[in-house]
Amino acid sequence: MNEPHVVVVGAGPVGLTAALTLARRGVTVTVVEQGPDLAAESRASTFHPPTLEMLHSLGVGDALLERGIVAPTFQYRDRRGGEIATLDLAVLAEDTAFPYRVQCEQSRLTPILLDALPSETDIRFRVRVRDVVQDGDEVLVRTDQGVLRADWLIGADGAHSAVRKALGAEFAGTTYPERFLVASVDEELDAALPGIAPINYVFDPDEWLVLLRTPQHWRVLLPTPAGTPDDDEIARLPERLNGVADLGRPWQIVHASLYRVHQRVTGQFRFDRVLLMGDAAHVNNPLGGLGMNSGIHDAVTMAAALADVLAGGPDDVLTETARRRRTVAVEHVQRTSHDNWSRIRADRADNAAEHERLRALAADPEAARAYLRRACLIDSLS
Ligand SMILES: Cc1cc2nc3c(=O)[nH]c(=O)nc-3n(C[C@H](O)[C@H](O)[C@H](O)COP(=O)(O)OP(=O)(O)OC[C@H]3O[C@@H](n4cnc5c(N)ncnc54)[C@H](O)[C@@H]3O)c2cc1C
C-alpha cells in the first residue's frame, strides 16, 4: 500500500475523534472495535468549551448541540447549607466562542462521529486486538480475526488498553478509597431542590454528591465504601436518594452502577509508530468532567501532528505534542480532578474557608475567568 495507513483501536469518543481528524486530512484509516456496536453505557456527560470548539472544527459541533443541553452555569453547594457559589461561564466570552458547558451523554457523540467519517473509512466491529508488534516501519496488529498491517497505530482502547499492555507500558498511579455510585433518575430535581444549576458539586465530609442534568435524566453520583457487595449498595440507594431530597415517595431510578476510580498515567504517549491517547494513556476521577474532554484534546492534537508527519512535516513535532499531552494529563487533568475530590469531601472546618474563597471568586469576574480557564481546560491548550 503506497498511501500511509493508520489503524485506530477503539471506537470510543477518543478513537473516533482521532479517526475523523485523520480522515479530514485525507489519511487512510481503519478503525477496529471489539464491541458489536458503539458503547451505549452511561459515562461522560459534560463537554467543556475547548472540546466544543474542536468538535465544531471537525464539523460535528452543531449535531452535538442539537442533542445536548447548554449549561451556562455550575454550582458549588453545601449539603446542609445549600448554595455556596454559582459560577457563570459567560466570563469566558473573550476566551471562547462557546462560553458554556454542554450536557450530553458521550454515547450520543460517538454515533455523530461515526456518521461523519467518510464512506471509504474501514470500520470493523467485533474485532479484538490481542497484540501489537513494531517491525521496522510497519506495525503488525494481531487481532482475533487475523493480522492487520499499518504504518502507524493509535491505541484508543480505553483504560484496560491491550495496545498499552502489548507495549509493556506501565500504568502507574493510585486507586481511590471509595467506589462511585452513579444513578440516573427520572425526576425533576430542580423542583425538589429549587435554585440548583444543571451541574452541582455538593460538599459534605460524610456524603458528598454530584447532581448533573442530562437531556434524558438527572444523574446522581455518590461515594460508596469499597468492599461491600454491589447488590447491598444498590439496595440502599433509594434510602440514600431520599436523604438527598425527600420527594414523599421513592425516587424513580432508571439505572444505577458502581465503579472503581483510578488516577493513572503511562510513562509516554508515543512509542515510535504507536500513539496512546484517552483512557488508554491516562485516567482520573470524574469530578469536573475532564477525562473524555482531555482524551478528545489528545485525539485532535496528536492526530493533527501525525497528519503533519504523514504530509512530510518534522517528526519531532509529533514527539513534542505527545510529550505535551502527557504533561497536560498530569499537571492539569489529574491535579484539577484530584483537587476537586479533596475539596468536595473535606471536613467542615476546612471547607468553611473554601466556601468563602468560592463566594469571593464568583463575585470577581476576572478571578472567576482565571479559575474557569483552568477548570474548563482552556489553559491546558495554551
Ligand atoms: C461513570 C463515568 C462517568 C464519567 N463522567 C465523565 C464526565 O462527565 N466527563 C468526562 O470528560 N469524562 C467522564 N468519564 C470518563 C470518560 O467516560 C472516559 O474518559 C472516556 O470514555 C474515554 O474515552 P476513550 O475513547 O479513551 O475510551 P472508551 O470510551 O473506554 O473507549 C474505548 C473503546 O475501545 C474498545 N476496546 C477496548 N479494548 C479493545 C481491544 N482490545 N480491541 C478492540 N477494541 C477495544 C472498547 O470496546 C471501547 O469501545 C466518566 C467515566 C465514567 C465511568
Inset, instruction - Once you have a ≥ b ≥ c as the square roots of the Cα gyration tensor eigenvalues for the range 1-53, tell me rounded if a/c is under 1.5, and otherwise prolate or oblate according to whether a/b is larger than b/c. - result: oblate
Inset, instruction - Starting with the highest mean, order 5-14, 178-187, 115-124 by the number of other Cβ atoms within 10 Å, averaged over the residues of each peptide. - result: 5-14, 178-187, 115-124
Legend entry - Tensor-based shape of the range 227-382 (alpha-carbon gyration tensor, a/c under 1.5 rounded, otherwise prolate or oblate): oblate
Inset, instruction - Report the one residue of Tyr176, His355, Val102 whose Cα lies farthest in the direction of the positive end of the charge dipole of the chain (charges on C-beta: Lys and Arg +1, Asp and Glu -1; origin at the Cα centre). - result: Tyr176
Inset, instruction - Can you tell me the 0 to 90 degree angle between the C-alpha axis of helix 348-363 and the longest principal axis of the chain, rounded to 10? - result: 70 degrees
Inset, instruction - For the range 14-109, just say rounded, prolate or oblate: build the C-alpha gyration tensor, square-root its eigenvalues into a ≥ b ≥ c, call rounded for a/c under 1.5, and beyond that prolate if a/b exceeds b/c, oblate if not. - result: oblate
Legend entry - Alpha-carbon centroids, the range 281-332 and the range 69-134: separation in whole Å: 16 Å
Inset, instruction - Over the chain, calculate the relative contact order: mean separation of alpha carbon pairs under 8 Å at least 6 apart, over the residue count, as a percent. - result: 21 percent
Inset, instruction - Round to the nearest 10 and give me the degree value, 0 to 90, for the angle of helix 291-310's Cα axis relative to the longest principal axis of the chain. - result: 20 degrees
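Read-outs: derived from the displayed coordinates by stated rules, not from any lab. Every value quoted in this text rests on a predicted model; they were computed, and no experiment measured them. Cβ: placed from backbone, ideal geometry, glycine included. Neighbour counts: every protein chain shown.
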